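Everything below concerns the one structure shown next.
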Amino acid sequence: MVSKSQLTEEQNALKFELIQASLETAIAFAKLALQSDDDREIIRLRQQACDAYEEAHHSLSTAALTHIESESIRTKMAHLESVLMGSGESF
């Protein structure tokens with residue numbers, strides 16, 4: 001039988017994976033937007049990047065992360081914000 005603390009630990013690990021995946025997805029969309037010459041595609045890709053960023057940000061509010069996990073997330077978010085600002089998005 002799984003204890004409550006083990007279940008919470010597993011949930012936090014899954015939330016961390018979800019946040020990481022959302023940020024990686026957002027970074028990929030933002031980089032694609034930077035490479036595009038089509039204004040409509042740029043807008044669409046930036047919106048998808050922002051949506052993935054928002055998903056990660058929302059998941060952060062309910063996750064209990066370790067210090068190392070938090071630093072990893074902060075680094076990815078800073079990178080994403082930099083790429084998005086390079087594509088014309090503002091925060």
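The values are calculated or read from the model by the stated rules, or taken from the named source; none is laboratory data. Small disclaimer: the values here were computed from a predicted structure and weren't measured. Because the Cβ atoms are built from the backbone with ideal geometry, glycine has one as well, and the counts that use them run over all protein chains shown.
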- Task: Go over the candidates 22, 72 one by one and state the one that is under 20 Å from residue 86 (Cα atoms) and assigned to a helix (DSSP H, G or I).
- Result: 22
- Task: Specify which of the listed residues (25, 8) is surrounded by 16 or more Cβ atoms within 10 Å (Cβ to Cβ) and hydroxyl-bearing (Ser, Thr, Tyr).
- Result: 25
- Task: Spot the failing condition for residue 52; the list is (1) in a loop (DSSP other than H, G, I, E, B); (2) at pLDDT 90 or above; (3) not β-branched (Val, Ile, Thr), and only one is missed.
- Result: (1)
- Examine segment 27-38 for a residue that is in a helix (DSSP H, G or I), out of contact with any Phe, Trp or Tyr (no Cβ under 6 Å at 6 or more places or on another chain), more than 19 Å from residue 82 (Cβ to Cβ) and of a type in the set (D, E, K, R), and state whether such a residue exists. no
- Give me the pairs: first residue in segment 72-84 and touching a residue at least 40 places away in the same chain (Cβ under 8 Å), second residue outside any helix (DSSP H, G or I), beta-carbon distance under 8 Å, and six or more apart or on different chains, which are they? 73/65; 84/91
- Message: Could you check segment 1-27 and list, in sequence order, the residues that are farther than 17 Å from residue 50 by Cβ and of a type in the set (Asp, Glu)?
- Response: 9, 10, 17
- Query: Got at least one residue in segment 56-72 being acidic (Asp, Glu), within 30 Å of residue 5 (Cα to Cα) and touching a Ser or Thr at 6+ places or on another chain (Cβ under 7 Å)?
  - Reply: no
- Query: Right, residue 45: surrounded by fewer than 17 Cβ atoms within 10 Å (Cβ to Cβ) and either touching a residue at least 24 places away in the same chain (Cβ under 8 Å) or in a helix (DSSP H, G or I) (or both) or not?
  - Reply: no
